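Report on one structure; see the data block that follows.
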């Protein structure tokens, strides 16, 4: 198969991030420069002296893909080549929402013509499943272990798409590995818009989430269908599209596919709290099919 | 000293990850395929190729046997079969010489 993200990388079997990374780069095409944060994707795709990438690819530090990409974009603009070359900065959830947040914020604020892609696997998987800012509530990770005194991560997931949207940038979207054509459509749409763009893709990690390797797409799909991972698009600060769900599923269906939520299944009060998170997402973005308009504006599903 | 480290694009293809496959491998039955392309789109290894009905195949030099293609196939035209003994060594990478084991 002809692709810009080649076989032979060292991701675990069933890795959601390697699925998404290939979909993104194949949608962007060969005239692309990729700048990568440190993380799983950087480590498994570029094991020196080998590289899985078929496009120019740069890695500098953990947090500064957005800053390096800003430099790349400015240089291309100076050379007058920006119109024919896309710049993509990408990283995992830790390097986007925790360590690299100020570099990302700077990039969005300065208005560089870059697409930033965050592969959200909901913890620091590369170093052994430590919790990150994007780890959901009540997740069992190695730094938020569940036990007698604790039910896992005590803090809710950081609303990264909304933080990016608050910068007033032209395009913000969330996507999921369960819907590959949707990822490619959003990447193409983002690259057709000038200015800073932010995209967050939900990528299941069979190792860190302790799910079966063949259920990567099922787990991602259930996260969308329970309302825990709303697929939304903001354009110029306005919610313009969202994937509506029918029928809505209870959160247990998503939680029971993964070992990281196993401790919750006999705790109805914790399940209720997670159902409340899903319900508030459904209400906030109008994910129920019967609802005509979400609170802000917009029409139709994604 | 170290300059920027530059690799050949796509050089990871030298790294035959097929040896990671332990339990099962996908078998393309080629009976009910509707060429929906889903297996090819979601394969994390990019090792499935093909075009048109009943014409898809996986490259076992790279397939890690995760089973996502078999799960996503809407016609259940891909099934996971037990990984058997491979006497000819086809699809296996050249064996790595083992160094002295440290304890």
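The requirement of being without any contact (Cβ under 8 Å) to a residue 24 or more places away in the chain, surrounded by 12 or more Cβ atoms within 10 Å (Cβ to Cβ), in a loop (DSSP other than H, G, I, E, B) and in contact with a helix residue (DSSP H, G or I) (Cβ under 9 Å, 6 or more places away or on another chain) is not satisfied by residue B:35.
Selection over segment A:33-52 of residues that are modelled with pLDDT of 90 or more, over 21 Å from residue A:205 (Cα atoms) and within 12 Å of chain B (Cβ to nearest Cβ) gives a count of 1.
Note on segment A:178-208: residues that are away from chain B (no Cβ under 13 Å) and surrounded by fewer than 24 Cβ atoms within 10 Å (Cβ to Cβ) total 7. Entry remark, segment B:1-21: residues being closer than 17 Å to residue B:68 by Cα and facing another protein chain (nearest Cβ under 9 Å) number 3 in total. What do you reckon, is residue A:69 at pLDDT 90 or above, more than 9 Å from every other protein chain (Cβ to nearest Cβ) and closer than 13 Å to residue A:100 by Cα? When the stated conditions are applied, residue A:69 passes them. Taking the residues in segment A:16-46 that are in a loop (DSSP other than H, G, I, E, B) and either in contact with a helix residue (DSSP H, G or I) (Cβ under 7 Å, 6 or more places away or on another chain) or without any contact (Cβ under 8 Å) to a residue 12 or more places away in the chain (or both) as candidates, determine which candidate is surrounded by the fewest Cβ atoms within 10 Å (Cβ to Cβ). Among residues in segment A:16-46 that are in a loop (DSSP other than H, G, I, E, B) and either in contact with a helix residue (DSSP H, G or I) (Cβ under 7 Å, 6 or more places away or on another chain) or without any contact (Cβ under 8 Å) to a residue 12 or more places away in the chain (or both), the one surrounded by the fewest Cβ atoms within 10 Å (Cβ to Cβ) is A:31. For segment A:14-29, filtering for residues that are more than 10 Å from chain B (Cβ to nearest Cβ), closer than 24 Å to residue B:16 by Cα and more than 14 Å from the chain's Cα centre (by Cα) leaves 1. When the residues of segment B:51-64 are narrowed to those that are within 14 Å of the chain's Cα centre (by Cα) and in a loop (DSSP other than H, G, I, E, B), which ends up farthest from residue A:45 (Cα to Cα)? By that ranking, first place goes to B:56.
The values are calculated or read from the model by the stated rules, or taken from the named source; none is laboratory data. Keep in mind it's a predicted model, so treat the numbers as computed, not measured. With ideal geometry, Cβ positions are generated from the backbone for all residues, glycine too; neighbour counts draw on all protein chains shown.
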